[in-house]
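See structure below.
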Amino acid sequence: MAFSVIVNTTDRAGPLRALLRGLEGQSYPHFELIVVVGPTRDNTLEVLAEYAGRLRVLRCPAANLGLSRNIGLLAARGDIVAYVDDDAVPSRRWLEQLAGLFLDRRLDATGGRVYAVDPLRAITQHLIGVASSLAEQHDVRESPLEWMIPSTEARLWVGRMMGTNMAFRRRALLEVGGFDPLFQWVYDDTDIAVRLANAGKVVQPVKECVVYHIPASNRNRIAHTYNVKWWIHARSVVYYAIRNGRASGDTGGAILRRCLRYVHGQWLWAGQLRRGKQLDAAQAARMRVMVPWYGLRGAVRALLRPRSLIEPGEARRAADMSTFPIHPFQNTDSPRQPSVDPVQGHRPEILMSEPPVRVALLTTHYPPEQTEGIGRKNNLLARGLFALGHGVHVIARGETDKLSFYDGAYTHRLAMRLDRYDSYRRLPRLHYALNHSHRVFETLRRIKLNDGVQVVDSPVWQVDGLVTAVSGLLPVIAHLQTATRQIADLQRDVDEDARLMGELEQALIERASFLVPNTLATVETAQRVYGLQPDHPNLRVVPHGIEPVPDSATRPYPLDRAADAPVTILYVGRLEKRKGIADLFAAIPKVIAAAPQARFVIAGADNSLNDGFLARTSRTYPDWFAERHPGLLDRVAFKGQVSDAELAMLYQSCDLFVAPSLYESFGLIYLEAMNFAKPVIGCRAGGIPEVIDDGISGSLVDPASPGQLVQAILSLLRTPARLREFGLAGRARLLERFTHIQMARAMVEVYRRVISQSSASGA
Amino acid sequence: MTRLLSATDVLDDIEFELLQGSVSRDDLGAGIQVARQFHNKLRGELLDPRQKSASLRDVISRQAQLNDMLLLLLQQTAAELAATQLQLLALGKASVGSLDALQAAQPAVSAPATSLTDDMKRALDHPIVYVELDARPSRIPLIGPLITRLRIALHRIALHYVRLCAGKQNPLNAV
């Protein structure tokens, strides 16, 4: 089955480039591409010239969508014509799924879900639409049964597709004369659905076959605003209602009432938009005048002139073109092209030696909203993978369901929905984790179906990937980091909830296809805490990596600084027991007594509520310190949680970084300080010694030893040459071993191995 | 004495939820309610003696709308069923894998002429038979088996009517 993909475009060169690059990744290669260009004023033709010989470029004399669609239809040679907007990118398996649907010979038209890729909008822009013969249409977003039977006067309701994602059997579309050029912008998709249904054709929109839509401005609207030529809607609605209402047997009275109500409604709405300051006075006045005028024009056109459809003879000649073979858009390089940013159209300018890997990263928190350890590490991994050309979907927790494209990855945020596993309601952590894990599974099922995701990368922490691992839907790689059991022990927090979470972490480890600890210390901990075999066959240590800042942004300690000049010591991390904040508080007075030039900056959210400190002392950490050491407050600054930009500034401006954590499975914060050529002090605990070279890039002290901490800080403050030397050595070590690209490369090797094992076992 | 919950209990519940997910609860429940509401409204409108009798055209038009809705419901149910069968297959395969390992570890046990593993494998080759067999019985006391049976019956009806009705709907739409 051959497809003709038709794109109608005017003045959208940027989004068009993203679409063309996205189409290279389609899993179904049997399609030609026809681009119908309107009276464009930008560099659209230059963008298309890059694909010369691979697509056909046709010209449409006017900015008229109906006309443009017909020009593409008449030139098409595929059995199926699929329309996609120039500001959208189809999911990888879009054509493959459509081909599956059209195997049913009764089907004449279909289309699927449209996701809005926008962090501020509802995730589903269109699911299954329904439209009446009187131009009433509903885009069903939540459940396809919502709005299914609106109570109106219309005699006919049919399913409809959204124009950015619709496909037709070419002969069926030609038989009804193609699109009506009266619809120069909107309602063309609804009109064709009703006309096909009235001609006895089967129109059946579906839930999948996803297209990602990134709405762009055009001549009739400014995207994401109400500054739209609503009068074009008015003309289309009146024309549509008269034409299709009469064809479907609606009464003259019903048609008249619908037209008047629509125009009146738009007129009133202009006032509402004005009052809401979404339109200025001139725009609202223009809308009020133009809407009735264009409505009248639509009525006159519908009543006095016939439709300007494709002539039957021309349609027959076009239908006979199926004997010509199509010239496919994809070439031999297409499968090895890197993934594309659908919003900006960027992709790494490389040709890969193997096809890109498609991976889903699971994470509890994710930037830019949340910047905690696992989320930050996954963000860096996503950036690294995208830079190497691979396709990434991130599934994170969020306040509402949203989809965006952020830092090289489709980012799906899932809101908390506690509608399953009711029997665990009394265990809030477990109940939440199971419900979220199940939602992750459902999302992955959809992403696998539409985008062909091959492997899931899940932290063990919070067991986000557990339900997926149990289901066998996809191979799950488990990232071993700090274990819940360990933290529960450290914070003396071993209730039933924590115990069961620990057991489920173990279950996830047992069911995972591959284990990726971040340090050797994590492996040892997992052996002790979870009984992991010492010689586990499917395990590889992959250290975290971060994106190096340019050399110009680093600030090694200046040797020419005066001996009594202030020296800034930075702490970054949550204020809680595990992070060693109590030891730092014990060290600060002694350091300042011995080195009065020392200044401390403490950045991180207070977590005294969760680690029991607040219950024991009735104070938060900053309050407790202020009460105990009121005389030191001019030398100790508590910054609270800071943004990424502020954090970078704090790293850049400090002279020494100190984080005496009692345990870190890795310690990304040390790398962040080393990135700016800063010396670091940490503890001999967990994976920290694998990050900090003691005596080369920093100093290590024993955990919970404030005395050693004081000595280490003072020793460095007294030898400025070492401050500089350690900082520069740390930066060199980072570039050598700990960049996000090195982390991504190592992970890609793991992904490929797991995918090939999974294919071999037929999972 | 109360038994402590363990990971095994939770994992069993996850598998049960995966089976329950065969039909999306929200969509199906809401769908049946909306269909029933509309049906009652339609009956009230058409049979109300105080109103003038509706034309045949109106009756057919309304009936077509109801059919549209039921078709959509059935289509969804069938799609969810197909997805579930794939999941069941995966779950079943995992179970068969562990059974194989178990049997390999205990060769001394006299094997019956047809082993349980073979039966399960055969059943998995025919997913519908597998659903009927209910190889992983529900853990909910009393009503668990009833729920599973009801769902299987519903799925069979759904499949039957989807095929039957899909070809007939559009001529009605064209009235």
Per residue of B:4-17, count partner chain C-beta atoms within 10 Å of its C-beta, then hand back the mean as an integer.
6
So how far, in whole Å, is the C-alpha centre of segment A:361-384 from the one of segment A:635-686?
18 Å
Rounded to whole angstrom, the alpha-carbon centroid of segment A:562-586 lies from that of segment A:71-96 at a distance of 59 Å
State, as an integer percentage, the relative contact order of segment A:477-600 based on alpha-carbon contacts under 8 Å between residues 6 or more apart.
23 percent
Enumerate the calculated ³J(HN,Hα) couplings along segment A:130-136 in order (Karplus 6.51 cos²θ - 1.76 cosθ + 1.60, θ = phi - 60°), each rounded to whole Hz, writing x wherever the residue is Gly or Pro.
10, 9, 9, 5, 10, 6, 8
Modelled label-to-label distance, residue A:289 and residue A:27, 7 Å Cα→beta-carbon offset: nm?
5.5 nm
Per the rule of 0.36 nm per residue minus the C-alpha distance, extending residue A:105 to residue A:280 adds in nm 57.8 nm
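Determine, for A:212, A:424, the number of other Cβ atoms within 10 Å of each Cβ, and report the residues in order from fewest to most.
On the way: A:212 27, A:424 22.
Ordered by Cβ neighbours within 10 Å, fewest first: A:424, A:212.
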Using 1/(1 + (r/R0)^6) with R0 = 56 angstrom and r between the beta carbons of residue A:562 and residue A:268, what's the FRET efficiency to the nearest 0.05?
0.20
Long-range amide H contacts for residue A:683: which residues qualify at under 5 Å (H placed 1.01 Å from N, peptide plane, sequence gap of 5 or more or a different chain)?
A:661, A:701
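Given the rule -39500 (n - 2.57) for each run of at least 4 DSSP H residues, summed and divided by the residues of chain A, what is its mean residue ellipticity at 222 nm, to the nearest 500 deg cm²/dmol? Each step should come with its number before you reach the end.
Values: 25 runs with 309 residues, N = 763.
Mean residue ellipticity, 222 nm, calculated: -12500 deg cm²/dmol.
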Counting Lys and Arg as +1 and Asp and Glu as -1 over every other residue whose Cβ sits under 9 Å from the Cβ of residue A:128, the net charge comes to +2
In nanometres, what is the gap between the two model label sites at residue B:45 and residue A:590, each 7 Å from Cα along Cα-to-Cβ?
8.4 nm
What FRET efficiency, computed as 1/(1 + (r/R0)^6) with R0 = 35 Å and r the Cβ-Cβ distance, is obtained for residue A:653 and residue A:370, rounded to the nearest 0.05?
0.90
Segment A:355-366 - phi-based ³J(HN,Hα) in whole Hz, Karplus 6.51/-1.76/1.60, Gly and Pro as x:
x, x, 8, 10, 10, 10, 9, 9, 7, 6, 10, 7
Per-peptide average of other Cβ atoms within 10 Å, ordering A:412-423, A:719-730, A:304-315 highest first:
A:719-730, A:412-423, A:304-315
Using amide H atoms built 1.01 Å from N in the peptide plane, name the residues 5+ places from residue A:128, or on other chains, whose amide H lies under 5 Å from its own.
A:140
From the phi angles alone, apply the Karplus equation (6.51, -1.76, 1.60; θ = phi - 60°) to segment A:26-36 and give each ³J(HN,Hα) in whole Hz, x where the residue is Gly or Pro.
4, 6, 9, x, 7, 8, 9, 10, 10, 10, 9
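What's the extension gain from residue A:304 to residue A:42 if we count 0.36 nm per residue and subtract their Cα-Cα distance?
90.6 nm
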Quick one: order A:346, A:393 by neighbouring beta-carbon count within 10 Å, fewest to most.
A:346, A:393
Neighbouring Cβ atoms within 10 Å as the yardstick, rank A:185, A:461 fewest first.
A:185, A:461
Taking the simple approach of a point 7 Å from Cα along Cα-to-Cβ for both residue B:4 and residue A:442, what is their distance in nm?
3.3 nm
The set of residues whose placed amide H lies less than 5 Å from the amide H of residue A:43, leaving out same-chain residues fewer than 5 positions away, is A:13
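Since every read-out is calculated from the coordinates, none of them should be taken as a lab result. Only a predicted model underlies this, so the values are computations on that prediction, with no experimental measurement involved. Cβ coordinates were reconstructed from backbone atoms using ideal geometry, including for glycine residues, and neighbour counts include every protein chain displayed.
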